[in-house]
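Asks: The structure's right below; bear with me while I get my questions together.
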Amino acid sequence: MNWLIGGVGALIVAGAAYKKRSLSLSGAIAAVMMGTIYYGAGNLFWFGTLLLFFITSTLLSKYRQESKQDLEKSYAKTGRRDAGQVLANGGIGMILCLGYFINPDETWKLLFIGVMATVTADTWATEVGSLSRRPPISILNGKRLPPGTSGGISWLGSTAAAIGGAVIGAGAWVFGQWMGMEAGLFTYILSGFIGGLAGAFADSWMGATVQKMYHCSVCGKDVEVHKHCGQATDRSRGWGFMSNDAVNMISSMIGGLAAWLTASLL
């Protein structure tokens, strides 16, 4: 029955997101598969936390969207997520959910909180930070960067990241209580807060160092896309396999470990 509930619920959410153009067709298919597993192998704790990330991030991506359209042209990820982006954001969490299904242990849940806190913090930082009136600074040397540059951070974006991570921790606790799980609210919130920030800053650091980037000869910007300003871009730096999706997955694992370590020390 849980698998059926998960499948129907995921189909409804993914269908609505596809209709609102928040997901592409491939993204919607991936979301249905993922949601089914999250609820079927897990329960509301897993599915609800995933849904909390997706809904809040989607709403923020739509907030003042007209002000962010130019910046989105530089990003590999946009407001409409495809299957690669869906799996990059939720794939690690899905593996952790299956791990808990096979061998129930609190460690799986703490790692999951950190993973979801990271993808939430990263998305909130991007969506809110792009509205900052001050240009971002480099995470490497503190120098001012053009808005939308990978590896750039701002106080507004960092604050949004911290809040996003804490929200995931609090939400996971609420869903856990609903399912009768015993967990400490402070532990979950702090784990989400630390995990989200650690993952988000790891994402920014990789974006400034090893992520595969391209140079636009028209505007002079370093971007994540193959085409910018109507012309093909030139490969400028980074490792060949280190796409934006790869950066998201690695940073989410770092955030998961940070959340688990945080809870272990409390």
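Yes or no, residue by residue, for (1) touching a Lys or Arg at 6+ places or on another chain (Cβ under 9 Å); (2) of a type in the set (Gly, Ala, Ser); (3) farther than 30 Å from Leu265 by Cα:
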position: Asp122; (1), (2), (3): no, no, no
position: Gly142; (1), (2), (3): no, yes, yes
position: Leu145; (1), (2), (3): no, no, yes
position: Val218; (1), (2), (3): no, no, yes
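Asks: Within region 222-239, which residues are in a loop (DSSP other than H, G, I, E, B), at pLDDT 80 or above and over 24 Å from the mean Cα position of the chain (by Cα)?
Replies: Hit for region 222-239 is Thr233, nothing else.
Asks: Considering region 195-206 alone, what residues qualify as being over 13 Å from Phe112 (Cα atoms) and either of a type in the set (Asp, Glu) or within 15 Å of the chain's Cα centre (by Cα) (or both)?
Replies: Answer for region 195-206, where residues must be over 13 Å from Phe112 (Cα atoms) and either of a type in the set (Asp, Glu) or within 15 Å of the chain's Cα centre (by Cα) (or both): Leu197, Ala198, Ala200, Phe201, Ala202, Asp203, Ser204, Met206.
Asks: All but one of (1) under 17 Å from the mean Cα position of the chain (by Cα); (2) modelled with pLDDT of 90 or more hold for Gly42; which doesn't?
Replies: (1) is the only condition that Gly42 fails.
Asks: Does Gly91 satisfy being within 13 Å of the chain's Cα centre (by Cα), under 28 Å from Ser264 (Cβ atoms) and at pLDDT 90 or above?
Replies: Taking the combined requirement at face value, the residue satisfies it.
Asks: Is it true that some residue in region 192-203 is in contact with a strand residue (DSSP E or B) (Cβ under 9 Å, 6 or more places away or on another chain) and either touching a residue at least 40 places away in the same chain (Cβ under 8 Å) or among the hydroxyl-bearing types (Ser, Thr, Tyr) (or both)?
Replies: Yes: one or more hits.
Asks: Sticking with this structure for a sec: Kindly indicate whether Thr209 is under 19 Å from Gly152 (Cβ atoms) and modelled with pLDDT under 90.
Replies: no
Asks: Quick one: which residue in Ser132, Ser150, Ser191 is in a helix (DSSP H, G or I), out of contact with any Lys or Arg (no Cβ under 6 Å at 6 or more places or on another chain) and at negative phi?
Replies: Result of the check over Ser132, Ser150, Ser191: Ser191.
Asks: For the subset of region 194-218 comprising residues that are outside any helix (DSSP H, G or I) and not hydrophobic (A, V, I, L, M, F, W, C), which member is surrounded by the fewest Cβ atoms within 10 Å (Cβ to Cβ)?
Replies: For region 194-218, the residue satisfying everything is Ser217.
Asks: Check off (1) farther than 25 Å from Asp222 by Cβ; (2) surrounded by fewer than 17 Cβ atoms within 10 Å (Cβ to Cβ); (3) aromatic (Phe, Trp, Tyr) for Trp155 and give me the number that stays unchecked.
Replies: (1)
Asks: Let me ask another. Select, from Thr120, Thr187, the only residue that is under 14 Å from the mean Cα position of the chain (by Cα), in contact (Cβ under 8 Å) with a residue 60 or more places away in the chain and closer than 15 Å to Gly256 by Cα.
Replies: Checking each option against the conditions leaves just Thr120.
Asks: Tell me the residue from Leu25, Leu60 that is touching a residue at least 60 places away in the same chain (Cβ under 8 Å) and either out of contact with any helix residue (DSSP H, G or I) (no Cβ under 9 Å at 6 or more places or on another chain) or not aromatic (Phe, Trp, Tyr) (or both), please.
Replies: Residue meeting the stated conditions: Leu60.
The values are calculated or read from the model by the stated rules, or taken from the named source; none is laboratory data. Computed from a predicted model, the values in this text were never measured in an experiment. Neighbour counts run over all protein chains shown; Cβ positions are idealised from the backbone, glycine included.
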